[in-house]
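Following: one structure in structure tokens, then a few remarks.
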Amino acid sequence: MAVVAAAVCPHPPIIVPELASGAAPELEPLRAACRTALDALSSATSIVVVGSGPASATYAADAGGSFGPYGAPDVRIGSGPRVLPLSLTVGGWLLEQSKSAELPRSYLAVPTGETPGRCLEIGHELAAGNERIGLLVMGDGSARRSDHAPVHLHPRAEIFDTTVAKAFQDVDLDVLAALDPDLAAVLQAAGRAPWQVLAGALAGTTLDADLLYDAAPYGVGYFVASFT
């Protein structure tokens, strides 16, 4: 079995305290859940960070990412050019806060609109080797969970996120694989493609799951799950 552990985390920029301002204490339970999930990746020999991006791309461990566009130009990761999309930048930043920080890593961006079939194939490819891989899968739920959400409330947003959260808790890979990309796009659920990569990567494994966080504090669904 190549994938020995996995973690699911969201990627809102405000998870970085320098960006959260007065809301920083409110998000500490989310950060703590992410640290717990990422610490569990330390059983792996290397980590692949998977997140959505504008195009398919792989990046080396030193790839750079910056929170400058979000108001914190002094907060960045990596020594290389600042090429990482937001999801992978947050993933790299979270790794730096965890016990898994010293493990070799790479980054994989999956197009937001990638087909479910191709996402599953990518997951199978990640799990095909003999190396003990840990996956850090970045993705937000629907951005339409409340009237105060980034986009106005959608009546199907909460049930979509509830379905995803239960699939994580139950390790129901079939449910994740069957998520409708068109509905996810309407609901602005940025995690759909990365979650389906996870479904492909975990196929045939016997990992247990722990859903550590499930809330929509700002009208966006945030999940943290640990698979060990």
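Figures for the structure shown
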{"item": "Sum of side-chain charges, Tyr107 neighbourhood, beta-carbon under 13 Å (Lys, Arg +1; Asp, Glu -1)", "result": "+1"}
{"item": "Probe 1.4 Å, accessible area per residue of region 1-135, Å²", "result": "42"}
{"item": "Exposure ranking of Tyr218, Tyr107, Tyr213 by accessible area [1.4 Å probe, largest first]", "result": "Tyr218, Tyr213, Tyr107"}
{"item": "Probe 1.4 Å, all protein chains present, accessible-area order of His124, His152, largest first", "result": "His152, His124"}
{"item": "Kirkwood-type radius of region 165-228, with distances r between different C-alpha atoms, in Å", "result": "12.3"}
{"item": "Fraction of accessible area attributable to carbon and sulfur, region 90-228 (%, probe 1.4 Å)", "result": "50"}
{"item": "Mean residue ellipticity (222 nm) of the chain, computed from DSSP H runs ≥ 4 via -39,500 (n - 2.57), nearest 500", "result": "-9500 deg cm²/dmol"}
{"item": "Cα gyration tensor category, rounded, prolate or oblate, for region 141-190 with a/c compared to 1.5", "result": "prolate"}
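The values are calculated or read from the model by the stated rules, or taken from the named source; none is laboratory data. This structure is a prediction, so every number in the text was calculated from the model and none was measured. So basically every Cβ, Gly included, is an ideal-geometry build from the backbone, and we count neighbours across all protein chains shown. Calculation scope for accessible area: heavy atoms of the full protein, side chains included, ligands and nucleic acids excluded. Shrake-Rupley method; radii C 1.70, N 1.55, O 1.52, S 1.80 Å.
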